Ligand code: ADP
Ligand code: MG
């Protein structure tokens, strides 16, 4: 098999929803990743952080409720904390799995900042609910301070933040250097820490970048051959969960664009993956994206399953 440079984007099921689940999930996740390393591929791993960043923000919110002297913790700092904590579990699970298979390769996590454009239209129209649920009264206190809050599907009130598109990755040279030295890198966790350029300073943005888009940017910047998005379905479908449901093995860029227009992919779950996959596949000749189940990564890269977008 031809050796490839691969970005593996891990979805929620690769990490679980709490500390205990994550500890168990990363072992299975590590096996799927080391399967690819064992075949000689170069891998960079990115991941989501929805439940983890929610947990961290909740913890910080309740801390400052009781002990306000600590001061408010910005969302960008919560994302940084989630990268550290997830990276810690993931890199140790990888280390252990590599050693079990007698593969000597260092693994490290790069705290990754992703530049966003402060003129991105997403800042005018925040859409992404984050953090803990609040009562109407608690929400009003925040709204009076100018914080954007919505009622989230009958479950209570939540803050909403902007989800701007990634523009560039600050630590990209570090990631390339580690990769060129044959090391395994975990980067761009949770879509990266969103930052805005202010002269020599990088200012954390009140935003959450979609991990699928950040992974596509990362894959383009390291000149990867393949972007693998590992999620909770083996293939992408049209007419998903409806009469006429059809699972796709190959998806051309043109068909993907047509299906997106026809509304086959749910916004907030499959749509960003298809958009990110198309963006990557279009970005240069011979680049392709693969969407499949975590456990099927090895079979997918061998062309035996999953949906290939090219
Ligand atoms: P992740 O945590 O991996 O980002 P998401 O839940 O955001 O996972 O997205 C994956 C989910 O998208 C699948 O589990 C599936 O339920 C849903 N989905 C929506 N539309 C489709 C579709 N057309 N084909 C396959 N899955 C779809
Ligand atoms: Mg998702």
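Sorting 86, 222 by the number of Cβ atoms found within 10 Å of their own Cβ, with the fewest placed first, yields 222, 86. Relative protection proxy for 170-178, 235-243, from highest mean packing down: 170-178, 235-243 (other beta-carbon atoms within 10 angstrom). Sorting 33-40, 162-169, 133-140, 208-215 by their mean Cβ neighbour count within 10 Å, with the most densely packed peptide first, gives 208-215, 162-169, 33-40, 133-140. Fewest neighbouring Cβ atoms within 10 Å first, the residues 132, 252 line up as 252, 132.
Helical content of the chain, expressed as a calculated mean residue ellipticity at 222 nm, amounts to -12500 deg cm²/dmol (DSSP H runs of 4 or more residues, -39,500 (n - 2.57) each, divided by residue number, nearest 500). Percent of Cα pairs in the chain per distance bin of 20 Å, from zero to the largest separation: 33, 58, 9. Extension gain, residue 200-residue 58: 0.36 nm per intervening residue step, less the Cα-Cα distance, totals 48.0 nm.
Three principal axis extents describe the C-alpha atoms of the range 1-108; from largest down they are 56, 24, 23 Å.
Here the relative contact order of the chain, from alpha carbon pairs under 8 Å that lie six or more residues apart, stands at 21 percent. DSSP beta bridges confined to the range 56-193 are antiparallel in about 65 percent of cases. The DSSP beta bridges internal to the chain are antiparallel in roughly 40% of cases.
No value in this document is a laboratory result; all are computed from the given coordinates. Predicted model, so just to flag it, every value in this text is computed and none were measured. Neighbour counts are summed over all protein chains in view; Cβ atoms, including those assigned to glycine, are modelled from backbone coordinates with ideal geometry.
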